[in-house]
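Notes follow the structure.
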Amino acid sequence: MKNTSENNLPVGTTEHFSNMHKWLQRGLFVCLVVLVLEASLSLPGLLIWFGWPTLTITEVCDELMKVRWSDDKAVCLVPHPLYGANEGEGRTNGPAATAQDEWGIQPRPLYKRINFRDLVKFRDDRLAREAAAATATQ
Amino acid sequence: MATTTNVFGAYNAHQDESKQAQWRADKWMIGGTLLMGTGVLGIFGLPLFFYGLWLQMQAAKAGLSVRPLIVTLIGYLVIIDSSLNSLGWAMDLFANHSLINRVLTSGWGAVFDGGYFWHYNELKMGPYTIGGAGAPGEKAWEISLILACFCPRLAAAIGLLQMKRWGQQWLIVTCWMGLIVWIGYNLNMTFYADVRYANITFPVWGWWIYDIFYITPFLALPYLHTVNREIFTD
């Protein structure tokens, strides 16, 4: 009787472990599908989250850098010059440092959190600030 | 004598047919996996993979000797998992100033894991700029896991798909490495939790929801230890 039922099982699976193998197979299938969809949709999903198509991809990169170093002047150079200075040069250390961190053995970043489409808002706010500053100096 | 020849002839024909059916299915699944391993093109690879999987299931139903479905799933999932990990980390290591990396990797960091956003591209080794993630310990994990875990695991998965004993054995070895990977990597993140999770969009729970599907080794190990290993050839 037992032999008969084992004959219906996949090769290599014994009756004792058949239930476990069945659930592992389901888990593996779910992992494969989700992993692929997730990897595939990450780039478009993140771009939409950040502000594309209102912002171009380069502008998204630009705004991310402005948030990272809390610096309105940070620019995403495309292409980045080969052997050029890294983007944080002068922004992390030194008299003109802009990056916001609580430094210590376990540092704590204090940059702004980026919620849905926030990069568009950050850009608009910055442009408004710059326009106001330009008006004030005239 | 004639009967014996006929019996072996039928056996050989069955073996040949099985081999051809398996290869036909594998061609679709390999094509799909090549696309799925690129990440962004994965959505186009998935239907090809499913078609190959369906061909294999049809061959099994027709009585041909093809791989058990679970072995196929483990093998291809391990390849995809290893490829995606290696691709992301190779971009962070070698292509960290490309536009796509500065949007995808560091953007992902801003949303799920600050280790890939905080002071990104500032890491140095002596006078040399290394760039990429600068979170404490992260670069060491990237290099060691690509070299010592994901590449051997990928090779083992190919051996497993060929139903080789070494494939099964090496997949067991490299999947057990997964235990060290998950415990070590997560503890490193925990000790530097502020760097990783302060002021990012979806801290901690977001990372877990995104990354839990890389749990492959823990789904493969119980099978690899309980399958009748005689089905794998020396």
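The values are calculated or read from the model by the stated rules, or taken from the named source; none is laboratory data. Bear in mind the structure is a predicted one, so any value in this text is a computation, not a measurement. Cβ sites come from the backbone with ideal geometry, for glycine too, and all protein chains shown count toward neighbours. All accessible areas refer to the heavy atoms of the entire protein, side chains included, with ligands and DNA or RNA removed. Shrake-Rupley method; radii C 1.70, N 1.55, O 1.52, S 1.80 Å.
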Rg/Rh for the stretch A:1-136, where both radii come from Cα atoms and Rh is the Kirkwood radius: 1.31
query: Summing -39500 (n - 2.57) over the DSSP H runs of n ≥ 4 in the protein assembly as shown and dividing by its residue number, what mean residue ellipticity at 222 nm do you reach, to the nearest 500 deg cm²/dmol?
result: -21000 deg cm²/dmol
Choice from A:A74, A:A97, A:A128 with maximal GNM fluctuation in chain A (Cα, 10 Å cutoff): A:A128
task: Would you kindly give the portion of the calculated P(r) for the protein assembly as shown that falls above 40 Å, as a percent of all Cα pairs?
output: 28 percent
query: What does the convex hull of the alpha-carbon atoms of chain B project to on average, in nm²?
result: 15.1 nm²
- prompt: the stretch B:115-140 to the stretch B:95-114: how many Å between their Cα centroids?
  reply: 13 Å
message: Let me check I've understood the local charge: for B:C149, count other residues with C-beta under 14 angstrom from its C-beta, Lys and Arg +1, Asp and Glu -1. What total comes out?
response: -1
task: Using a 10 Å cut-off on Cβ to Cβ distances, tally the other chain neighbours for every residue of B:32-40 and report the average as a whole number.
output: 3
- prompt: Ignoring ligands, DNA and RNA, how do A:K73, A:K66 rank by accessible area with a 1.4 Å probe, largest first?
  reply: A:K73, A:K66
